[in-house]
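A.B. asks: Have a look at the structure that comes next, please.
The values are calculated or read from the model by the stated rules, or taken from the named source; none is laboratory data. Just so we're clear, the structure is a prediction, and the values are computed from it rather than from any experiment. Counting neighbours? That spans all protein chains shown, and the Cβs are built from the backbone with ideal geometry, glycine included. Note: accessible area is taken over every heavy atom of the protein model, side chains too, but ligands, DNA and RNA are not part of it. Shrake-Rupley method; radii C 1.70, N 1.55, O 1.52, S 1.80 Å.
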Amino acid sequence: MPGSLSEVVGLLELEQLEVDLYRGSQPELSSMTRVFGGQVAAQALMAAQLTVPEDRSVHSLHIYFILGGDPSIPIVYDVEKIRDGRSFTTRRVAARQHGAIIFYMTASFQVEEEGFNHQDSMPDVPPPEDSTPLIELINTRGQEGVDIWENEWASFDLRYVGDNRAEDDPQRELVPVVQRLWFRANGELPASPAIHNAAFTYISDFSLLGASLLPHGVFIGQPDVQAASIDHVIWFHHPMKVDEWLLYDQKSPSASGARGLSTARVFAQDGTLVATVAQEGLIRPVKPRD
């Protein structure tokens, strides 16, 4: 995982191999045995954006994680131009390693238009400065986790809000699983909207699946849980600045069949709903061997 924001930005600078064919690099140092899904998704979005006119912005992407990526070799991104219409543009991206497709993404882009407007209200939560830096929570699990965090996740500042609803809140029983975090890039990103959209796609894969484990008292990284992203969807509602605070309001409506479903609303600090995210992933209990 990248240890700095500049390394994340470097990962988003793809090498063009041929028309609509790109290669993405890997972090120089990583303790991970497979590529972080957010990295593949962000690089795939960058590849798609490189083939789309500048007057069109991504409004949705749909992803399937098919195989775990190998962090020791680059990833090749093959962009298929599905449609170029007057208002919408559609791209499909296949990520390949070792001769196999490890990832598919379909992304849709749209010219800016005026229309009807409404949105959910932002929940009443403590501001980032009154929320707990995530590294403090990780510190309760031991120094090893802190070292890994500082080496591989320092590119983003994340603050844990938790679920601050009152015990007598009538919504508590209706929506029993809530996890909230503030996050922003740990530094200033280039002004390009394409970079901000890709950086958000990168970090959107962090913590979302973990919300589906909250009711069961376990977390990703425990030896008795096998966890992996399966599919991932983002709807982009408004332009966002990922180097400014964003609230990740996560819920998990269901877990079954060794899969967990999580959804999330993403708000800017001024209350604007900038994105909605959904993810289903593997959360398989691992039985100890005799």
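A.B. asks: Which log10 I(q)/I(0) values does the range 1-134 give at q = 0.12, 0.17, 0.18, 0.19 Å⁻¹ under the Debye formula, counting every alpha carbon as one identical point scatterer?
C.D. replies: Log-scaled intensity ratios, in q order: -0.58, -0.95, -1.00, -1.06.
A.B. asks: Is there a quick way to get the dipole size of the chain? I mean about its Cα centre, with the Cβ of Lys and Arg at +1 and of Asp and Glu at -1; what is the value in debye to the nearest 20?
C.D. replies: 1000 debye
A.B. asks: I'd like the accessible area for H237: 1.4 Å probe, protein heavy atoms, all chains in place, Å² to the nearest 10.
C.D. replies: 90 Å²
A.B. asks: Moving on to the next point. Once you put a point 7 Å from the Cα of H62 and another 7 Å from the Cα of E244, both along the Cβ direction, what distance in nm separates them?
C.D. replies: Placing both labels 7 Å beyond Cα along the Cβ direction yields 3.2 nm.
A.B. asks: Further, regarding this structure: Can you work out D for the chain in µm² s⁻¹ from Stokes-Einstein, where Rh is the Kirkwood radius over C-alpha pairs, the temperature is 20 °C and the viscosity is 1.002 mPa s?
C.D. replies: 109 µm²/s
A.B. asks: Keeping every protein chain in place, order F200, F206, F219, F116 by accessible area at 1.4 Å, biggest value first, i.e. largest first.
C.D. replies: Sorted descending by solvent-accessible area, the residues read F116, F219, F206, F200.
A.B. asks: Can you work out the accessible area per residue across the chain, with the rest of the protein chains kept in place, probe 1.4 Å, in square angstrom?
C.D. replies: Accessible surface, normalised per residue, equals 51 Å².
A.B. asks: Now a separate question. For E7 and K81 in the same chain, what is the full-extension length gain: residue separation times 0.36 nm, less their Cα-Cα distance, in nm?
C.D. replies: Answer, rounded to one decimal: 23.7 nm.
A.B. asks: Let me ask something else about it. If each residue of separation counts as 0.36 nm, what is the full-extension length gain between Q222 and V19 once their alpha-carbon separation is subtracted?
C.D. replies: Using 0.36 nm per residue and subtracting the Cα-Cα distance, I get 68.8 nm.
A.B. asks: Still on this structure, I have one more. Would you check the accessible area of R56, probe 1.4 Å, heavy atoms only, in square angstrom rounded to 10?
C.D. replies: Surface open to solvent at R56 totals about 40 Å².
A.B. asks: Where the accessible area of the chain is counted over protein heavy atoms with a 1.4 Å probe, how much of it, in %, is carbon and sulfur?
C.D. replies: Ligands and nucleic acids excluded, carbon and sulfur reach 50 percent.
A.B. asks: Using a Gaussian network for the chain with springs between C-alpha atoms less than 10 Å apart, which of these wobbles most: P74, P170, P127?
C.D. replies: Looking only at P74, P170, P127, the largest GNM fluctuation is found for P170.
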